[in-house]
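Have a look at the structure below, then the notes.
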Amino acid sequence: MPQISKKGQSMPSSPVRKLVPYAEAAAARGIHIYPLNIGQPDIKTPKHAINAVKNADMEVLSYSHSAGNQSYRDKLALYYNKNNMHITSENIIVSTGGSEALLFAMGSICDYGDEVIIPEPFYANYNGFATASGVTVKPISTHIDNNFSLPAISEFEKLITNKTKAILICNPGNPTGYLYTPEEMDQLSALVKKHDLFLVSDEVYREFAYDGREHISVMHMPGLEEHAIMIDSVSKRYSMCGARIGCMVSKNKEVMATAMKFAQARLSPPTFAQIAAEAALDTPQEYFDEVITEYIERRDILIAGLKKIEGVQVANPGGAFYCVAQLPVEDTDIFAQWLLEEFELDGETIMVAPAAGFYSTPGMGKNQIRIAYVLEKESLKKSIRILEQALKAYKG
C-alpha cells in the first residue's frame, strides 16, 4: 500500500475544528450548541462590501495580478498610512487569507530545519504552517498567572541558535487576547536587530484594542525596515472570514521579491473576495467604535462570569476576542468531547477549544480552554451557566 508522508503524519489536527463530528452528532440529537470554539464573529459584514460583489459588472471572472489587484493594494496602503505605517502598494502582497501570507513568509525566510521562536500559547495553525514549511518551532512559554505577558528577553536569547531565522508574534494575541506593550515591542525590536533576525507580526486583530490601550504595529518600529514582516487579514476586522483575503507586508525588497515567487506559483488571490475587501476599506470608524464597545461588554461579562466559577482561573484579554481559562480538570480534550457527547443543560451545551493545541511544548495547556466571545451577550451568559453546571457534574 502506498505510504503517507512523514510530513502529513506529523501535521497536527486543529484544536478548534477536530470536535466538529461530535458537535454534529449532538445537533442531530436535538442539542443546541453555543460555539465558543471558533473565532467566527456574529457581527454583520459591512453592507457595502457585500453589495460590491452583488453589483460587480464583469463578463469574465479573470485572474488578478499575483500580488493582488492594484486598486486594492493602493487603497490598502492608504489605510495603513492612516495608521502611520508609511506603506506603498509595492510593500503589499495580497494573499488567500492571513494563513497563506504566513506560509509565504515562512517559505521566504526559512530553509528546512530552520527555527522560529514563538511565545506560546499561540494560534494553533502556526504549528501546521511550520510543519508544512519544514520549520522547527521553538516555543517560549508565557503563563496565565501573569496574564501571558512577554517573558524576559534573556529567555529569548537562550533559544537563539545559528538556525534561528525569526521571532513570530500575534498582536493582539490568539488565543490569549494579550496586547503587547510599547516596552515589549521595543525589546523585541532591539533583539531582532542585535541577532539579525526577522520579526514576523500577525496583526489580524489590530482594530480590537481595549481599555484605552494602543496597538503597536511592527511597522511602527524605527530601524526595522529590513527585519519586519506584517501579516494581516480582513477576516476579523470586517467579519469577513469567508472572503479568505489577507496580505503580507514588508519594506524588505528581497523578502517581497521572494514572496512574490510563491504568490506567482499559486497564480492569484480570489477576484470576487478582493472586490469585497476593497469596498470594506470604506467602512466608517463608527462601525469599529460600535463593534469594539460590543466586544468589551462581552469580554467583561465573560471574564466576570468565569471568575465566579469555583476552580476556574482566567486571564483578562486586552485585545482580540479570545480568552484562555484554566479549568479544574486534568484533560480538557476529554472534557470538551464529554460536553458534546454526554452533557446538556435544558437541551443545550457548549463547544470549546482545548488549549493544548495552542502550545508546542508537550503537556502544556492540558487543563486550559480557549473561549471566543463572538456570541451575543445573552448567549455568553447561558454558556457560562452551562460551563459552571458541567464542571459540577464532570467526573473526569
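Is there a residue being assigned to a strand (DSSP E or B), surrounded by fewer than 21 Cβ atoms within 10 Å (Cβ to Cβ) and either in contact with a strand residue (DSSP E or B) (Cβ under 8 Å, 6 or more places away or on another chain) or modelled with pLDDT of 95 or more (or both) anywhere in segment 124-137?
yes
Anything in segment 288-332 that is of a type in the set (Ser, Thr, Tyr) and in a helix (DSSP H, G or I)? List them, or say none.
Answer for segment 288-332, where residues must be of a type in the set (Ser, Thr, Tyr) and in a helix (DSSP H, G or I): 293, 295, 332.
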Open item on the list: All but one of (1) closer than 24 Å to residue 103 by Cβ; (2) surrounded by fewer than 23 Cβ atoms within 10 Å (Cβ to Cβ); (3) touching a residue at least 12 places away in the same chain (Cβ under 8 Å) hold for residue 257; state the number of the condition that does not hold.
Closed with: (3)
TODO: Just give me the residues in segment 83-96 being surrounded by fewer than 23 Cβ atoms within 10 Å (Cβ to Cβ) and within 17 Å of the chain's Cα centre (by Cα), in sequence order.
DONE: 96
Task: Given (1) closer than 27 Å to residue 142 by Cβ; (2) open to solvent by 40 Å² or more (accessible area, probe 1.4 Å); (3) of a type in the set (Lys, Arg), index of the condition residue 236 fails - done: (2)
Open item on the list: Looking only at segment 285-310, how many residues end up being hydrophobic (A, V, I, L, M, F, W, C), over 21 Å from the mean Cα position of the chain (by Cα) and buried (at least 18 other Cβ atoms within 10 Å of the Cβ)?
Closed with: 2
Open item on the list: For segment 1-37, which positions are in a loop (DSSP other than H, G, I, E, B), open to solvent by 50 Å² or more (accessible area, probe 1.4 Å) and closer than 22 Å to residue 376 by Cα?
Closed with: 17, 30
Open item on the list: Can you go through 113, 68 and tell me which one is in contact (Cβ under 8 Å) with a residue 24 or more places away in the chain, of a type in the set (Gly, Ala, Ser), assigned to a loop (DSSP other than H, G, I, E, B) and in contact with a strand residue (DSSP E or B) (Cβ under 6 Å, 6 or more places away or on another chain)?
Closed with: 68
Task: Among the residues listed as 138, 158, the single one being closer than 20 Å to residue 190 by Cβ and without any contact (Cβ under 8 Å) to a residue 12 or more places away in the chain - done: 158
Open item on the list: Go through (1) surrounded by fewer than 21 Cβ atoms within 10 Å (Cβ to Cβ); (2) in contact with a strand residue (DSSP E or B) (Cβ under 8 Å, 6 or more places away or on another chain); (3) within 26 Å of residue 316 (Cα to Cα) for residue 170 and report which single condition fails.
Closed with: (1)
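The values are calculated or read from the model by the stated rules, or taken from the named source; none is laboratory data. Since the model is a prediction, treat every value here as computed from it, not as a measurement. Heads up, the Cβs are rebuilt from the backbone with ideal geometry, glycines too, and the neighbour counts pull from every protein chain shown. Ligands, DNA and RNA are excluded from the accessible area calculation, which covers all protein heavy atoms including side chains. Shrake-Rupley method; radii C 1.70, N 1.55, O 1.52, S 1.80 Å.
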